1. If we sort 207-216, 84-93, 62-71 on the protection proxy, mean other Cβ atoms within 10 Å, highest first, what's the order?
2. What is the set of long-range amide H partners of V71 at a cut-off below 5 Å, with H atoms built 1.01 Å from backbone N?
3. What aspartates and glutamates could a cross-link reach from K3, if we take a straight Cα to Cα line under 20 Å and drop same-chain neighbours fewer than 8 places away?
4. Tell me the label-point distance for the pair T196, A211, using the 7 Å Cα-to-Cβ offset, in nm and rounded to one decimal.
5. Could you give each residue of the range 167-182 its phi-based ³J(HN,Hα) in whole Hz, using Karplus coefficients 6.51, -1.76, 1.60 with θ = phi - 60°, and x for Gly or Pro?
6. Given R₀ = 22 Å, FRET efficiency for F62-A150 by Cβ-Cβ distance, to 0.05?
7. What order do you get for 128-138, 96-106, 168-178 when each peptide is scored by the mean count of other beta carbon atoms within 10 Å, highest first?
8. Per residue and in Å³, how big is the convex hull formed by the alpha-carbon atoms of the chain?
Amino acid sequence: MKKLVAGNWKMNGSLAANEVLLAGLRTVPEVDVAVCVPYPYLAQLQRRPSGFELGAQDVSEFAEGAYTGEVSAAMLLDFGCRYVIVGHSERRARFGDDDLTVARKALSALSAGLVPIVCVGETLDERDAGEVFGVITRQLAAVGEVLGTAWLGRLVLAYEPVWAIGTGRSATAAQAGEVHAAIRSWLVEQGVDAGTVRILYGGSVKPDNAAELFSMPNVDGGLIGGASLVADDFMAICRAAGV
Ligand code: PGA
């Protein structure tokens, strides 16, 4: 399986800053690379270096209609998106995306032909309480129930421990590997051809820890926040995924 490195720009960027960032991006043929940008910049990103797929950071669970402020999967497709992040912990914690909503968003993405990058992960309190696998299994179970086996085989999963996001404190390769192995086992239990589902690691991936994280079995790439805003760092991470 080719690794996937997806940049999550979050609510950062401007027309001018994006041009500077884009000018620093170079194709890395050994790796699938995507940039998940704020909605208004999807149009700007129609022009981007070859080899970079486009993604968004959220999608409505609804197809169309009177949902002020929402953006549908079909609209994302209209702008050439291939991926959309759903269930990022910032949305779960700040914007009320519960397990079921996340699962419905993943379904709406898949139904329209997008690949959802479904994020799961525990808080530090949950890790300290020994609840890592319980939390992740609960988050995955909602997705499994709503999607069913066939769709489950077509998404991308991202393990993002909440305590590692934006903190500079990445999970160790061993911690990531342990959870990724558990997620892979869960997929197998659901009857999914688990070899086809990429499981990304996200949370303070930087040029200096990327190679070690990506060397772990079952770590099939990364979801990159802060470092995806610095072209040289993002490129170094992409290259680390390609070796
Ligand atoms: P970070 O963010 O790389 O800045 O920790 C990762 C993410 O939130 O996807």
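None of the figures in this text is laboratory data; all of them are computed from the coordinates on show. Everything numeric in this text was worked out from a predicted model, so none of it was measured. When we count neighbours, we look across all protein chains shown, and the Cβ atoms used for this are built from the backbone with ideal geometry, even at glycine.
1. Details: 207-216: 18.0, 84-93: 23.0, 62-71: 10.3.
My ranking of the peptides, most packed first, is 84-93, 207-216, 62-71.
2. Close amide H contacts, sequence-distant or interchain: S60.
3. E30, D32, E53, E160, E178, D193, D208, E212, D220, D232, D233
4. 3.4 nm
5. For the range 167-182, the Karplus-derived couplings read 9, x, 10, 6, 4, 6, 4, 5, 4, 5, x, 5, 5, 4, 5, 5 Hz, x marking Gly and Pro.
6. Working: r = 22 Å, r/R0 = 1.00.
Plugging the Cβ-Cβ distance into 1/(1 + (r/R0)^6) gives 0.50.
7. Details: 128-138: 14.4, 96-106: 19.4, 168-178: 17.1.
Going from most to least packed, we get 96-106, 168-178, 128-138.
8. Details: hull volume 27.3 nm³, N = 243.
Dividing the Cα hull volume of the chain by its residues yields 112 Å³.
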